[in-house]
1. Could you pull out the residue among Val75, Val54, Val24 that is touching a Phe, Trp or Tyr at 6+ places or on another chain (Cβ under 7 Å) and either at pLDDT below 95 or not in a helix (DSSP H, G or I) (or both)?
2. I'd like the full set of residues that are under 20 Å from Ser69 (Cβ atoms) and assigned to a helix (DSSP H, G or I), limited to segment 1-21.
3. May I ask you to list the residues in segment 11-25 that are surrounded by 10 or more Cβ atoms within 10 Å (Cβ to Cβ) and either in contact with a helix residue (DSSP H, G or I) (Cβ under 8 Å, 6 or more places away or on another chain) or of a type in the set (S, T, N, Q) (or both)?
4. Out of all the residues in segment 30-50, is one or more assigned to a strand (DSSP E or B) and either surrounded by 13 or more Cβ atoms within 10 Å (Cβ to Cβ) or at pLDDT below 90 (or both)?
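The values are calculated or read from the model by the stated rules, or taken from the named source; none is laboratory data. All of these numbers come straight from a predicted model, not from anything done at the bench. Heads up, the Cβs are rebuilt from the backbone with ideal geometry, glycines too, and the neighbour counts pull from every protein chain shown.
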Amino acid sequence: MAALDWSQCPVVESVPGRRSGAWVFRGTRMPVATVFENLEAGASIEEIVEQFHVTPEQIRTVLEFAARSLDPPSVEVPTSTSNDARSL
């Protein structure tokens, strides 16, 4: 994942001396990268919440911020129903 400027995300902070200044959830030592690593490994948001003691809202805010920060290609994605997707 490309490095994002997390400075405008309200639920994270970078504190010198805490996790080497990595972006962490505000008031915690949990790196933001941990969310993405766990999702990539197949964990659900609920599992991350239970294991790392952050709220679903914090995770949602981080995911939404990351999605808005990415520069998506200008490709039109067709909408389909789940039945249509299975026929591909």
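1. Values: Val75 fails: touching a Phe, Trp or Tyr at 6+ places or on another chain (Cβ under 7 Å); Val24 fails: touching a Phe, Trp or Tyr at 6+ places or on another chain (Cβ under 7 Å).
Answer to the selection: Val54.
2. As a first pass, look at segment 1-21 and keep what is under 20 Å from Ser69 (Cβ atoms): 1-14, 21.
Selection gives Trp6, Ser7, Gln8, Gly21.
3. The first filter runs over segment 11-25 and keeps only residues surrounded by 10 or more Cβ atoms within 10 Å (Cβ to Cβ), leaving 11-15, 18-19, 21-25.
Listed by number, the residues that qualify are Val11, Val12, Ser14, Val15, Ala22, Trp23, Val24, Phe25.
4. Scanning segment 30-50, I find at least one residue that is assigned to a strand (DSSP E or B) and either surrounded by 13 or more Cβ atoms within 10 Å (Cβ to Cβ) or at pLDDT below 90 (or both), so the answer is yes.
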